[in-house]
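Presented below is the structure to which this report refers.
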Amino acid sequence: MKLSLFSDYSLRVLMYAALKGAPFQLDEVTDAYTISRHHLGKVVNRLARLGYLDTQRGRGGGIRLSLDPASIRIGQLLRKTEDQPVFVECFDPAANRCPVAGSCRLKGFLAEAILDFYRSLDRHSLKDLVEGPHLEAMRLTLLGSTPSPAIGEVHPGESPPP
């Protein structure tokens, strides 16, 4: 099984949005991932139509995440962005020419495996992708900086405020 580039880019855009935590321009994402602006424009448009992103044109506009990262389930997102539902010929009644399709158990086994794949990914959220020990490295790589610490937060090697 292979995810489409559209799904891959959708995950990348949403990860960028979650890491950024503020409105951003499309060119920022194209620069961060070195992906075609044209392709990412289609991805952002679709993610906005699906309700994952808010987009605003003009001065002060930009792209931002419209949902809490914890509420975005990876499996659910991929179901909406994958355009390859036919895994094998017998999954498509219009194109199926397999002579044993009516008695073969393979279709059922494969359907179960695909369902398990999505269910497994449903246990994970966008938040899971952008938190943890790798968070600062991802921010530095994609955004070029790390956010300043929150008020009262102390980073390793720093002294607490007086």
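Taken together, the values in this text are just the output of simple stated rules run on the coordinates, not laboratory data. The structure displayed is predicted, hence computed values, not measured ones. Please note: Cβ atoms are built from the backbone with ideal geometry, for glycine as well, and neighbour counts cover all protein chains shown.
Considering the chain as a Gaussian network with a 10 Å cut-off on Cα pairs, which listed residue, Tyr52, Tyr16, Tyr33, attains the greatest mean-square fluctuation? Per the Cα network of the chain with a 10 Å cutoff, Tyr33 tops the list.
For the range 1-106, what's the relative contact order in percent, using C-alpha pairs closer than 8 Å and at least 6 residues apart?
27
Counted by neighbouring Cβ atoms within 10 Å, the residues Phe117, Phe6 run from fewest to most as Phe117, Phe6.
Using only side-chain charges placed at the Cβ, +1 for Lys and Arg and -1 for Asp and Glu, the dipole size of the chain relative to its Cα centre rounds to 580 debye. The alpha-carbon of Lys127 sits under 16 angstrom from the alpha-carbons of these lysines, leaving out residues fewer than 8 places away in its chain: Lys20.
Considering only Cα atoms, the convex hull volume of the chain works out to 147 Å³ per residue.
Count the net charge of all other residues whose Cβ sits under 12 Å from the Cβ of Leu50, scoring Lys and Arg as +1 and Asp and Glu as -1.
Residues close to Leu50 contribute a combined charge of +3.
In the range 102-147, a dipole from Cβ-located charges (positive for Lys and Arg, negative for Asp and Glu) runs towards its positive end, and of Ala111, Ser125, Leu143 it is Ala111 whose Cα lies farthest in that direction. Considering the zone a paramagnetic label at Thr30 would reach in this model (a point 7 Å from Cα along the Cα-to-Cβ line), which residues of the range 43-74 have amide N under 13 Å from it? In the range 43-74, the label zone of Thr30 (backbone N under 13 Å from the point 7 Å along Cα→Cβ) covers 43-44.
Residues Ile74, Ile63, Ile35, Ile114, ranked from the fewest to the most other C-beta atoms within 10 Å, line up as Ile114, Ile35, Ile74, Ile63. In the chain, helices alone account for a calculated mean residue ellipticity at 222 nm of -14000 deg cm²/dmol, with every DSSP H run of four or more residues adding -39,500 (n - 2.57).
Apply the membrane-span-like helix rule to the chain: whole DSSP H runs, Cα extent along the own long axis of at least 30 Å, mean Kyte-Doolittle hydropathy at least -0.5. List the helices found.
Long hydrophobic helices here: none detected.
Report, in whole Å, the centroid distance computed from the Cα atoms of the range 94-136 and the range 1-57. Cα centroid of the range 94-136 versus Cα centroid of the range 1-57: 23 Å apart.
The mean sequence distance of close C-alpha pairs (under 8 Å, at least 6 residues apart), as a share of the length of the range 50-129, puts its relative contact order at 39 percent. Once the chain from Asn45 to Phe91 is taken as fully extended at 0.36 nm per residue, the excess over their C-alpha distance is 13.6 nm. When the charge dipole of the chain is built from unit charges on Cβ atoms (+1 for Lys and Arg, -1 for Asp and Glu) and taken about the Cα centre, the candidate among Leu50, Ser36, Leu11 whose Cα reaches farthest toward its positive end is Leu50.
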